[in-house]
Amino acid sequence: MGEAGKLGQGTFTVEVGGQAESGAAVIGYERSGLGDPHAERRSPSAAAGEAIGTSTDFSLGDEVRVVAAGGADAPTLTVVGLADDAQIQVTPTLYVGWDDYGSVVRAANPDATAVLPSAIAVRPADGVTDAEVVARINDASEQADALTRSDAADETPGVAEVRQSFQVIFLLYGLVVPLVTGLFFLIVTFQKSASLTLLHAIGARSSTLVRSLLVQVLIVMAAGIAVGTALYAPLTQASAGSIALRFDLGAVVFWVRCCSCSACSAPWWPRGGCWPSTRWRPPWAGQR
């Protein structure tokens, strides 16, 4: 084990810049690098009374006053750095040194005789993996419940339920949207059945007809993708309450592929992919 440090977390009532009271999570860390987030915008040095805040909730220079109970001294924290994607349970979050965290806890609970850590953060020594440190700590004490950072995040209360809900939503979205897209172009293909039959009767090759339909599909899909992406991009610059949104290029590429494959396969559905055959016969031929 390389080094270890105390880590504390709690939710407190605060005032930001003299505005109305609101809730905020405060995380205290004893050692730099063991609990403090990576902040792109941060003052060169951090001192007592300074904090790193989540970028969607705070601004540099914000004065955050902790609402004290029972006439205790109310500490004030100055936001000197901003961190992205560092909220705890979708709540405005501040990261402070251990001494400041103790001041915040005593302000909210003046009867507290000691400030106990919520966890102990550990950094592995050089050449030792996270899994090896976890195993050694758990073997050393039956009361220890060591977890890697990713496992601790996954086992946070409420994370599994929220993740399952989003997975169901994305599954429904992934089934409905490509299906509706394909059905749209299938309906368009059937609406052109008379024209396609006539063109084939006067000598047009089936492959030529299919290519012309695919060109139309690609043109419509390209226009739809361009409009959808143009609408999606500015929305990701906003925030939904305390939830930060961001543009995910991987998600755009994934859904474009799904919808494009479904749309391009639609012209082949009426005959199960046999249109290019020289013996092609439309399913509606011979009907009266």
Going through (1) under 30 Å from Gln87 (Cβ atoms); (2) part of a helix (DSSP H, G or I); (3) more than 20 Å from the chain's Cα centre (by Cα); (4) small (Gly, Ala, Ser) one by one, Ala153 fails only at (3)
For the subset of the range 26-41 comprising residues that are of a type in the set (A, V, I, L, M) and part of a loop (DSSP other than H, G, I, E, B), which member is modelled with the highest pLDDT?
Leu34
So Ala263 ticks every box in (1) at pLDDT 55 or above; (2) assigned to a loop (DSSP other than H, G, I, E, B) but one. Which box is left unticked?
(2)
Of the candidates Val215, Val253, the one satisfying the condition of being at pLDDT 80 or above, loosely packed, with under 13 Cβ neighbours inside 10 Å and under 23 Å from the mean Cα position of the chain (by Cα) is Val253
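Identify, from the list Thr54, Thr76, the residue that is at pLDDT 85 or above and closer than 30 Å to Thr129 by Cα.
Details: Thr76 fails: closer than 30 Å to Thr129 by Cα.
Matching residue, one of Thr54, Thr76: Thr54.
The values are calculated or read from the model by the stated rules, or taken from the named source; none is laboratory data. Keep in mind that what you see is a predicted model, and the values were worked out from it rather than measured. Cβ: placed from backbone, ideal geometry, glycine included. Neighbour counts: every protein chain shown.
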